[in-house]
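What follows is a short report on a single structure.
The values are calculated or read from the model by the stated rules, or taken from the named source; none is laboratory data. Since we're looking at a predicted model, the values are computed, not measured. Using ideal geometry, Cβ is built from the backbone for each residue, glycine included, and neighbour counts are taken over all protein chains shown. Please note that ligands, DNA and RNA were not included when accessible areas were found on the heavy atoms of the full protein model with its side chains. Shrake-Rupley method; radii C 1.70, N 1.55, O 1.52, S 1.80 Å.
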Amino acid sequence: MVQLFILAISFIIVYLVTPDIRYIALKVSAVDKKNHRKIHRKVVAQLGGLAIFLGMWGGLSIAALLDPSFFREHLIHILGFGVCSTLMLLLGVYDDFQGSGATLKFVVQIIIALLFVKIGFKLERITFFNLVDIRLGVLSTPFTVLWLVGVTNAINLIDGLDGLATGIVAIASVFFCLYGVLFRESFVVFTALALLGASLAFLKYNFYPAKIFLGDTGSLFLGFVIGGLAIWNSKSTLHYPFFLPAIIVLLVPITDTLLAIARRIVRRQHLFRGDASHLHHYYLKRGLTQAQVVYGFYAATFILGLASLLVFHGRSF
């Protein structure tokens, strides 16, 4: 019953506040202007991530009231998760208003990720059945930071078509919720449901033709939350049940990011300079419509999520 409340509350909050946030964004000129890399042909409001932020944490606040024992038990980690995700949101807000520049944005993301590690979120071991067992040791902190910053930017980079990043995160949230149920991690279940409700409601305004975009406000926040949940661990410092399946379910944005890095290295371009050669641009140039590309990426993410469940269900890794 608590889970249904979380889903419903997060959905309702986002559904109700998004029009007001859109109105404010247009009033203060927090808009996504046209340029050579943009698909849209008109000025569109940004700051949509504020609605998702309010919806997700609104839903989790309800969960804290209905099931306070779990939240008291893990208060420090949950507060740390909240503080770091809020800092990432604020970085996105600043970027949507002022344009922080790719290098500065990257440096601030690293600082936030290091703070997250300091709070106690650190990936120390990677295991895969009885085939792989890697203790990261001194590489634990840099690997965790690389993961967090990498996923944050992967969601940011895939956010190039109306509803694309939001829908991918919504689908990923379904599977994160199932992972949480399988491994009895209540916070992952609660957060994934809150994220799902918020994302589904936002798609009402974000799907083609979009009335409002996530902006960096939303894409950075969503990427960080998803990346953080993948290394959430309340039971053992050496047990990370979500990390490897998370890689599989997020393979679409991860692949797009790796291809972008490789492409820019080969072309001797600045790694942080945007281009119009991402996967979604490629399929648009092949003649597909925006909706067809978005639905195709949704389907790929869903199939990868099912594959991750088939591989890892009932296993200890």
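Of the residues Ser69, Ser85, Ser10, the single one that is more than 20 Å from Gly163 (Cα to Cα), within 20 Å of the chain's Cα centre (by Cα) and polar (S, T, N, Q) is Ser85.
Could you check how many residues of the range 54-70 are in contact (Cβ under 8 Å) with a residue 12 or more places away in the chain, in a helix (DSSP H, G or I) and open to solvent by 30 Å² or more (accessible area, probe 1.4 Å)? Qualifying residue count, the range 54-70: 4.
Candidates Ala154, Ala165: the one that is in contact with a Pro (Cβ under 9 Å, 6 or more places away or on another chain), within 24 Å of Leu115 (Cα to Cα), open to solvent by less than 10 Å² (accessible area, probe 1.4 Å) and in contact (Cβ under 8 Å) with a residue 60 or more places away in the chain is Ala154. So, in the range 176-185, of the ones that are surrounded by fewer than 24 Cβ atoms within 10 Å (Cβ to Cβ) and not aliphatic (A, V, I, L, M), which residue ends up nearest to the chain's Cα centre (by Cα)? So the residue we want is Cys177. Gly137 meets the conditions (1) modelled with pLDDT of 95 or more; (2) out of contact with any Phe, Trp or Tyr (no Cβ under 6 Å at 6 or more places or on another chain) in every case but one. The failed one is (1).
Here Ala165 fulfils each of the conditions (1) within 17 Å of Ile247 (Cα to Cα); (2) of a type in the set (A, V, I, L, M, F, W, C); (3) at pLDDT below 90 apart from (3). When the range 153-195 is filtered for residues that are under 23 Å from Ala299 (Cβ atoms) and in contact with a Cys (Cβ under 8 Å, 6 or more places away or on another chain), the ones remaining, listed by number, are Ala192, Leu193. Please verify whether the range 186-200 includes one or more residues that are open to solvent by less than 10 Å² (accessible area, probe 1.4 Å) and closer than 24 Å to Leu279 by Cβ. Checking the range 186-200: at least one residue is open to solvent by less than 10 Å² (accessible area, probe 1.4 Å) and closer than 24 Å to Leu279 by Cβ. Taking the range 253-280 as the range and being within 20 Å of Val169 (Cβ to Cβ), open to solvent by less than 30 Å² (accessible area, probe 1.4 Å) and either assigned to a helix (DSSP H, G or I) or out of contact with any helix residue (DSSP H, G or I) (no Cβ under 7 Å at 6 or more places or on another chain) (or both) as the test, the residues that pass are Pro253, Asp256, Thr257, Ala260, His280.
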